[in-house]
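The values are calculated or read from the model by the stated rules, or taken from the named source; none is laboratory data. None of these values were measured; they are calculated from a predicted model. Neighbour counts are summed over all protein chains in view; Cβ atoms, including those assigned to glycine, are modelled from backbone coordinates with ideal geometry.
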Amino acid sequence: MKKLENINFAGKKALIRVDFNVPLDSQFNVTDDTRIRRALPTVNHILKNGGAVILMSHLGRPKGGYEEKFSLAHVLPTLSNLLGIDVKFVNDCVSDDAFAASGSLEMGQVLLLENLRFYPHETSGDLSFSKSLARHGDVYINDAFGTAHRAHASTTIVAQFFENDRAFGFLMQSEIDHINKFLEEGKRPLTAIMGGAKVSSKINVIENMLTKVDHLIVGGGMIYSFIKAEGGQVGNSLVEDDKLDVAKSILNMAKEKGVEIHLPEDSVVADQFSNDAATRVVSSDAIPEGWMGMDIGPNACAHFREVIMNSQTILWNGPMGVFEMSNFAAGSKEVAKALADATKNGAYSLIGGGDSVAAINAFGMSEQVSYISTGGGALMEYLEGITLPGIKAILD
């Protein structure tokens, strides 16, 4: 496999799969340009080395045809501003106009194609559609880690038409390197912090983590499935009753492998799912009927901080509670602070998954950790030990 920095881009057109699936406001203005900014190093490298760039991406989930709210034209002003050049745009990705636009592109110029998902052929991984996309470039670069778990036309199938001229972009390579640093090269003690609402969404990740880590900290709604599985009283807290046996199995597996699982000893509970609810702090295994766990308690915060501060390598995926409500954000904020402090002391910290990334950004601590992944589902599957099709397509 070629490295991006070893490819001679002089006089060549690079077709790059980026992830510009960014949030827009009601006026179609980009409200968070993080994903666009993360793609800039790859684009700028190619331009500086004498090439031209054709960018392709999806935006949202259109239902099989053009929808104005999902047009990548809305991204154009932000992209042009960040690159400092007037990016060209064409209102299709495989039409005659699209091929004319990429064909006439001069070196040093950038073209953005319209939303790939206006064609159902994109998500079905259609071979003919992929071959048409390949006509746009001399080199194929995948720099969209967030979609690397999808065997779509632009993320996977198109690569076969660039047998000797394909590579990962800088963002994609960075994601792979940082996740492998946690999974394969992490210094011990190694700790995973897993939050989120349901055990069912994290089963495979947790089971794979138990083969890697020394400590597993559990937060979020899935706390109460574990506690109920051990016989605790959880009141009206979120519980997956059909997954209690799975929770018990995970606890047993951890014991067998010598992994210490840390459940919160206390919880902030509420009498309704509302920021204005009445609250109290109780033992996590003695929550009264009519009350539900909404966040980890102060004793749990102190306990989790101690584990984190004594760790050398840390993954955080999923908040500790309903952090979107200010009265239930303390647990997630304390974990974020502990991660920042541990990182300052020399630990390696990897943050991944939409909610934990949103949390650390909301707390203003994104610059105080080692790495923040752009992947949600892609990160989860990678952590499960699955070979992602978007990565395999470049390596094969």
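Scanning segment 325-375 for residues that are in a loop (DSSP other than H, G, I, E, B) and either surrounded by fewer than 17 Cβ atoms within 10 Å (Cβ to Cβ) or assigned by TED's automatic domain parsing to the domain that holds THR34 (or both) yields a count of 4. Scan segment 171-208 for residues that are farther than 30 Å from ASP241 by Cβ and touching a Lys or Arg at 6+ places or on another chain (Cβ under 7 Å) and jot them down. Passing the criteria: LEU171, LEU183, LEU190. Screening ARG305 on (1) touching a strand residue (DSSP E or B) at 6+ places or on another chain (Cβ under 9 Å); (2) charged (D, E, K, R); (3) not in a strand (DSSP E or B) shows it passes everything except condition (1). Across segment 326-338, which residue is farthest from SER237 (Cα to Cα) among those that are within 22 Å of the chain's Cα centre (by Cα) and in contact (Cβ under 8 Å) with a residue 40 or more places away in the chain? By that ranking, first place goes to VAL335. Mind listing just one residue for me: the one in segment 1-44 that is in contact (Cβ under 8 Å) with a residue 40 or more places away in the chain and among the acidic types (Asp, Glu) and, of those, nearest to LEU133 (Cα to Cα)? Checked segment 1-44; the qualifying residue nearest to LEU133 (Cα to Cα) is ASP19. Reported count of residues in segment 135-157, each being assigned to a loop (DSSP other than H, G, I, E, B) and more than 23 Å from the chain's Cα centre (by Cα), is 4. Segment 218-295 holds strands (runs of 3 or more DSSP E) entirely within its bounds, and those carrying 2 or more residues that are crowded, with 21+ Cβ neighbours inside 10 Å map to 266-270. Scanning segment 1-24 for residues that are assigned to a loop (DSSP other than H, G, I, E, B) and buried (at least 17 other Cβ atoms within 10 Å of the Cβ) returns ILE7, PHE9, LYS12, VAL18, ASP19, PHE20, ASN21, VAL22.
The residues on offer are GLY137, GLY146, GLY60, and the sole one that is in contact (Cβ under 8 Å) with a residue 40 or more places away in the chain, surrounded by fewer than 20 Cβ atoms within 10 Å (Cβ to Cβ) and not polar (S, T, N, Q) is GLY60.
Within segment 84-125, being among the small types (Gly, Ala, Ser) and not in a loop (DSSP other than H, G, I, E, B) holds for ALA98, ALA100, ALA101, SER102, GLY103, SER124. SER128 meets all of the listed conditions (1) in contact (Cβ under 8 Å) with a residue 40 or more places away in the chain; (2) of a type in the set (Ser, Thr, Tyr); (3) assigned to a helix (DSSP H, G or I) but one, namely (1).
The one condition from (1) within 21 Å of the chain's Cα centre (by Cα); (2) in a loop (DSSP other than H, G, I, E, B) that GLN27 does not meet is (1). Tell me, yes or no, whether segment 58-65 has at least one residue that is in contact with a Leu (Cβ under 8 Å, 6 or more places away or on another chain), assigned to a helix (DSSP H, G or I) and closer than 18 Å to ASN29 by Cα. Looking through segment 58-65, none of the residues is in contact with a Leu (Cβ under 8 Å, 6 or more places away or on another chain), assigned to a helix (DSSP H, G or I) and closer than 18 Å to ASN29 by Cα. Go through segment 158-191 and report how many residues are more than 22 Å from the chain's Cα centre (by Cα) and either surrounded by fewer than 21 Cβ atoms within 10 Å (Cβ to Cβ) or not charged (D, E, K, R) (or both). Number satisfying all stated conditions: 11. For the structure I just gave you, tell me whether ALA73 is more than 22 Å from GLY390 (Cβ to Cβ) and buried (at least 19 other Cβ atoms within 10 Å of the Cβ). It is false that ALA73 is more than 22 Å from GLY390 (Cβ to Cβ) and buried (at least 19 other Cβ atoms within 10 Å of the Cβ). Hey, does segment 355-367 have a residue that's in contact with a strand residue (DSSP E or B) (Cβ under 8 Å, 6 or more places away or on another chain) and at positive phi? For segment 355-367, residues in contact with a strand residue (DSSP E or B) (Cβ under 8 Å, 6 or more places away or on another chain) and at positive phi: absent. Taking every residue in segment 191-205 that is in contact (Cβ under 8 Å) with a residue 60 or more places away in the chain and pairing it with any residue that is of a type in the set (D, E, K, R), at least 6 positions away or on another chain, the pairs with Cβ-Cβ distances below 8 Å are THR191/ASP214; ALA192/LYS212; MET194/LYS202; GLY195/ASP355; GLY196/LYS202; GLY196/ASP355; ASN204/GLU384; VAL205/GLU384.
Would you call ILE391 on the phi < 0 side of the Ramachandran plot, assigned to a helix (DSSP H, G or I), under 21 Å from the mean Cα position of the chain (by Cα) and among the β-branched types (Val, Ile, Thr)? When the stated conditions are applied, ILE391 passes them.
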